[in-house]
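S.K.: One structure coming up, written as structure tokens, with questions to follow.
The values are calculated or read from the model by the stated rules, or taken from the named source; none is laboratory data. The shown structure was predicted, so the numbers you read here are calculated from the model rather than taken from an experiment. Heads up, the Cβs are rebuilt from the backbone with ideal geometry, glycines too, and the neighbour counts pull from every protein chain shown. Quick note on the areas: whole protein, heavy atoms, side chains included, nothing else; ligands and nucleic acids left out. Shrake-Rupley method; radii C 1.70, N 1.55, O 1.52, S 1.80 Å.
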Amino acid sequence: MLIRLLRTRLRPYAPTIALVVVLQLIQTLATLYLPTLNAGIINNGVLTGDTGYVLSTGGVMIAVTLLQILAAAAAVFFGASSLITRTTNDVQQIQMLTVLGLTMLVAAPLMCVGGIVMAVSQDVPLAALLLIFVPLLAGVVGLIVRRMPALFRGMQKRVDQVNRMMREQITGIRVIRAFVKDEHEQRRYADANAELMGVALRAGRLMALTMPAVVVVWELATVTVIWFGGHRIGSGELEIGSLVAFLSYLMQILMAVMMTTFLMMQVPRAAVSAERIGEVLATESSVVPPAAPVTRLSEHMRGRLDIRGADFSYPGAEEPVLRGVDLTARPGRTTAVIGSTGSGKTTLLGLVPRLFDATGGEVRVGGVDVRDIDPEVLSRTVGLVPQKPYLFSGTIGSNLRYGNPDATDEELWHALDIAQAKGFVEALPEGLDAPVAQGGSNLSGGQRQRIAIARALVVKPGIYLFDDSFSALDYATDAALRAALARETADATVVIVAQRVSTIRGADRIVVLDEGRVVGAGTHERLMRDNATYDLGGN
């Protein structure tokens, strides 16, 4: 999963990755060349007293070092800036592995192999010690790393749990305060955090063990090389400069193994994250774009809405939410849908703009099945004002233009006037540029509802869907808004969802829902006379 995810997602960055690989190659070759130059300075310059050789070779070393630094800095710059686009927890793990991989993938293996080759060129007997210490270091690291995946998998699950609980507590803060459950929620969060801390500590201890293990092997190898190297220098079989160069190559080899260790430490956690990201990416949308979308609706049919035998069931639900629902709405007429809580009113409206698709029957807009209409055409034809209006962080103007970015200020003010929101927006010092917090939390419930209604009016759709969109308004504002809406939407189709009879008694046609079925349809007077379910709604 990890390899497939990296391969598919990094393909667009192939040129950048190739550049990083070349830069890493240059850096590694420069690093491998430096100890040989240093050995030459000691053997051919310091020991013989040749100052000119020392200066000339030293100059070459400085030039090689500068090249190494520039290549390393450029590789890190190109490796990070073009690939980091998101910073969520799981993606951060993949991001970390990608950056480490690009900076170490070429350098570590080449430095290890190249270091061994160069070490052998300095002294073969000493190089035999590498056959002991390199496998030893690799074995120690392997024992530690193999235990990490299970810990990281448990860690990510507990991170999910903590994030979910925090979101619940922030969103439901008023409910928590209303029931005086502050201490209870604090304990719940503390328990979840303690579980996360326990797993994180176990993973942290394991990771912390890695570095001391590497250092012990490293120091043991260094002492052993100096011991045997000293004896070989004493016997005249090895030059001092060669021993210094060998120690440098030993450090590079073990450094390469350590770099690989860090990379391997990221792989288990990134692999777990890749599985979780892959599950999200592999989830298919229940709303599939049409293969041959209808991009234009007939003008004289644009406002027609026909729902025929619509069924809808949520995945895994035992009972359907809607069963064989029929509804017809026409331009210039107001159609109301009424029913008790849980009767399926909001679900029915959600079928029209394709928030989800009917599992049975069909929904037609402008005489065309909504599943065959281009999504952008459908969004311009159907304007939905949801039951819980949501505003985005930005300004009042940016929220009003959400469905129509080209709307003029005059059109925005006109929509606000119809929605009975012009007064309070004019009273704000910034007017249309007044800031809106996430979710519209700096506005009252009634103000959010009116802004949401105005947002739908700016689009000027052929079909308006109002899902109990007047519940937060006082009587006077409600009456004024409905009167203004009636004039503004005289040529459009209007569908209103409500729970109270008094809200929709003036509608041209009323459809009564009960437990997902249509149990009555007609005018207010007829339903009051003939329909017991409607009469229970009260006046």
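S.K.: Whenever you get a sec, line up L247, L305, L55 from highest to lowest accessible area (probe 1.4 Å, protein heavy atoms).
M.R.: I get L55, L247, L305, largest accessible area first.
S.K.: Please report the accessible area of Y390 (heavy atoms, 1.4 Å probe, ligands and nucleic acids excluded) in Å², nearest 10.
M.R.: Probe radius 1.4 Å; accessible area of Y390 about 100 Å².
S.K.: Label S444 and R187 with points 7 Å out from Cα along Cα→Cβ: what is the distance between them in nm?
M.R.: So the label points at S444 and R187 sit 3.9 nm apart.
S.K.: While we're looking at this one, here's another question. Strictly over 25 Å apart at the Cα level, which of K388/K460; K345/K460; K157/K345 would you flag in this model?
M.R.: Check vs 25 Å cut-off fails for K157/K345.
S.K.: What order do you get for 449-458, 375-384 when each peptide is scored by the mean count of other beta carbon atoms within 10 Å, highest first?
M.R.: 449-458, 375-384
S.K.: Rank these by accessible area, largest first, 1.4 Å probe: D409, D374.
M.R.: Accessible-area ranking of D409, D374, largest first: D409, D374.
S.K.: Probe 1.4 Å, all protein chains in place: accessible area of M528 in Å², nearest 10?
M.R.: 60 Å²
S.K.: A follow-up question, please. With an 8 Å cut-off on Cα pairs and a minimum separation of 6 or more residues, tell me the relative contact order of the stretch 381-487 in percent.
M.R.: 46 percent
S.K.: Another one. Whenever you get a sec, compute what percent of the accessible area on the stretch 439-491 sits on carbon and sulfur atoms (1.4 Å probe).
M.R.: About 49 percent, which is the carbon plus sulfur part of the accessible surface.
S.K.: Take the alpha carbon gyration tensor of the stretch 420-535, find the square roots of its eigenvalues, order them as a ≥ b ≥ c, and report rounded if a/c is under 1.5; if not, report prolate when a/b exceeds b/c, else oblate.
M.R.: Note, shape of the stretch 420-535 comes out prolate.
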